[in-house]
Structure formats: structure tokens, C-alpha cells
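Remarks on the structure that follows.
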Amino acid sequence: MTKPPVSSVSIVRRGPDGEEELDDLVVAEEPLEIKVGFGPEEDRKQKSLSVTMRTPGHDLELVAGFLFAEGIIDEPGQLNLLEHCQNVKSEDERGNVVRAELAPGIELDLESLQRYSYASSSCGVCGKASIEALAQLQCGSFPENEPSGFDPEMIKDLPARLREVQTVFRHTGGIHATGLFDLEGNLLLMREDVGRHNALDKVIGAKFLKGELPLSATIGFCSGRLGFELVQKSLRAGLPILAAVGAPTSLAVETASKYGIRLYGFVRDGRLNEYLNPVR
């Protein structure tokens, strides 16, 4: 069962002409539990890997993108099964639990998995453990030269192009989005979610499940600020250019500079900042 990405609420709207009571729409935010099955065929184990707050919709892409971005799986063939759990304890859990059965050859470090236990919708899996894990992931560096045919000025047009297709944002004003564009600024894919990192995971997961990674010769555009976790996920997915409406953090700039991701922030009102150097 697919849950709706919005909910209806009653509000009192107060303004210069008085007040009125009416129905309004708000973006849905619900927990998604990610369960993984792993181990040899004769000794399978189940573990609740993470609970993340997300907007319902494209849940399987979200889980696939999360598992890939965090280096747990490398290719679609390592997923034997990916589905919403039907056997849940309560009606509230229905549609909010996804089970990923990993191929028998996938080994999990259970101690390192403890860092995934909970992730809010406001941030991804952050902290020292993520920084250490980045060095262990099979991430390459990008060439220093600009991709052929890429004009940074075009990035100024991406906020408007992304907003045009943000259906849930149009109704609620309270949701993030990640758009994947080609180097000419044509939209290839868009996903919305209450969490910035979830929206990017959904985009990466959609391409991962189709076997279309790495995301070479593309631009990732995010509606919020740029934190370290978004750069980490972009690097893992082979996304060479990352831009956002908001500001980057120091660790995002440092990581992008180290690995050669072209990073753009404050993309709004016909301007942008390009971050070229490591933080000093």
C-alpha cells in the first residue's frame, strides 16, 4: 500500500481581513524502518538497520539508494529482494517497513551498522563514523577540467526548472527536492522528500535499480543546504556536479574539493557561488 505524500488538516487563517477556518494540506512525515536479511543461505539473519523520517513515496528507491550510498551494496544483483513488509505488528507500521534481502555473499560489519539506528528528516547519517567510512568506500576522484559542453551559468536556471515539477511543494510549501539534470539543463529525474538526504537517496536509488550508475555527465540540484552527507552520497554515485539553493557547510566544501566534485551554493535570484578551494 502506497501512502499519500500529503495530509489534510484544519487551520484557522488569520490576515488583514479577519480569519477563516478551512482545510489545508501539509507534507506527510512518517518513519520508515529498513530491515536487512543477510548471511549464508543456511544461516540467514535479520536486522533492523535504520529508522529514517521520510515522506512516503518511492520507498524502495530510497532504501536502495541508502544501501548503495553507504557502501553496503555495490550493484542491483546484490539485492535478492526489496519490498514493503506485509507481516507487521500494527496497522501504523503497514507501508512503513521495507525489507531488503541481500545476496548470501554480502558481509555486514554489525558494529559499524549501529550508527544507522536512527536518522531524522533534517540530517543524514552524519559524524565521525561517516567521515571514516568515506575513505573506505570505493569512490574515485573527478577530473579537474570541466565536463565538455558544461556552462556554469546554466545552473542559475535550475531552481525554476525544479520548482516547475515539484508537485507536493506546490501544495504544501514544506518539502525538499533533488533534481538530476543533464549538462544542458534538461531535467532527467526528480524526487521530493521532507529530508534533503532522502530526496537524493531516492534519485540515486532510482538510477541504481536500473543499473544506470555512475551518474556521469549530470548535475545534481538540491532545494536546501549542502551538508557533508549530500557530497558523500554524490561522490559514491559518481555525480560530478552538485548545486543547491542554500549554503554548503565547511566539511561539504572540503570533501568536494578533495575529491573533485564541482560545488555550487546560493543558486537563486540569478546568482551562484562556486566553491573552488579547501576550507582554510
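For residue 195, the stated conditions hold: it is modelled with pLDDT under 95 and more than 18 Å from residue 158 (Cα to Cα). Step by step: first the residues of region 149-168, then only those that are outside any helix (DSSP H, G or I) and either more than 24 Å from residue 30 (Cα to Cα) or aromatic (Phe, Trp, Tyr) (or both), then the one that is modelled with the highest pLDDT. Which residue is that? It comes out as 151. Restricting attention to region 169-205, the residues that are in contact with a strand residue (DSSP E or B) (Cβ under 6 Å, 6 or more places away or on another chain), in a helix (DSSP H, G or I) and crowded, with 22+ Cβ neighbours inside 10 Å total 6.
The residue list 273, 277 contains one member that is over 18 Å from the mean Cα position of the chain (by Cα) and either among the hydrophobic types (A, V, I, L, M, F, W, C) or at pLDDT 95 or above (or both), which is 273. Scanning region 87-106 for residues that are exposed (fewer than 13 other Cβ atoms within 10 Å of the Cβ) and modelled with pLDDT under 85 gives 87, 89, 90, 91, 92.
Listed residues 35, 47; which is outside the structural domain of residue 207 (by TED's automatic domain parsing) and under 27 Å from residue 189 (Cα atoms)? First the steps, then the outcome.
Working: 47 fails: under 27 Å from residue 189 (Cα atoms).
That would be 35, the only listed residue that is outside the structural domain of residue 207 (by TED's automatic domain parsing) and under 27 Å from residue 189 (Cα atoms).
On inspection, residue 106 qualifies as part of a loop (DSSP other than H, G, I, E, B) and either in contact with a Pro (Cβ under 7 Å, 6 or more places away or on another chain) or more than 15 Å from residue 201 (Cβ to Cβ) (or both). Looking only at region 185-195, residues that are touching a residue at least 24 places away in the same chain (Cβ under 8 Å) and either assigned by TED's automatic domain parsing to the domain that holds residue 53 or within 17 Å of residue 165 (Cβ to Cβ) (or both) come to 7 in all. Of everything in region 1-57 that is among the aliphatic types (A, V, I, L, M) and not in a strand (DSSP E or B), the residue that is surrounded by the fewest Cβ atoms within 10 Å (Cβ to Cβ) is 1.
Inside region 1-57, residues that are within 23 Å of residue 197 (Cβ to Cβ), charged (D, E, K, R) and at pLDDT 90 or above make up a count of 6. When you look at residue 265, is it within 19 Å of residue 157 (Cβ to Cβ) and in contact with a His (Cβ under 8 Å, 6 or more places away or on another chain), yes or no? Answer is no for this residue. The set of residues in region 241-254 being of a type outside the set (A, V, I, L, M, F, W, C) and either surrounded by fewer than 24 Cβ atoms within 10 Å (Cβ to Cβ) or assigned by TED's automatic domain parsing to the domain that holds residue 66 (or both) consists of 246, 249, 250, 254.
Check 212, 146 and return the single one that is among the acidic types (Asp, Glu), modelled with pLDDT under 95 and not in a strand (DSSP E or B).
On the way: 212 fails: modelled with pLDDT under 95.
Result: 146 is the single residue among 212, 146 that is among the acidic types (Asp, Glu), modelled with pLDDT under 95 and not in a strand (DSSP E or B).
Just to be sure I understand, how many residues within region 245-254 are touching a strand residue (DSSP E or B) at 6+ places or on another chain (Cβ under 9 Å) and either in contact (Cβ under 8 Å) with a residue 40 or more places away in the chain or within 20 Å of residue 214 (Cβ to Cβ) (or both)?
First, the residues of region 245-254 that are touching a strand residue (DSSP E or B) at 6+ places or on another chain (Cβ under 9 Å): 245-249, 252-253.
Checking the rest, the ones that are also either in contact (Cβ under 8 Å) with a residue 40 or more places away in the chain or within 20 Å of residue 214 (Cβ to Cβ) (or both) come to 245, 252.
Of the residues in region 245-254, 2 are touching a strand residue (DSSP E or B) at 6+ places or on another chain (Cβ under 9 Å) and either in contact (Cβ under 8 Å) with a residue 40 or more places away in the chain or within 20 Å of residue 214 (Cβ to Cβ) (or both).
Residues that are assigned to a helix (DSSP H, G or I), acidic (Asp, Glu) and surrounded by fewer than 21 Cβ atoms within 10 Å (Cβ to Cβ) do not occur anywhere in region 258-277.
The values are calculated or read from the model by the stated rules, or taken from the named source; none is laboratory data. Keep in mind that what you see is a predicted model, and the values were worked out from it rather than measured. Note that we place each Cβ from the backbone using ideal geometry, even for glycine, and neighbour counts take in every protein chain shown.
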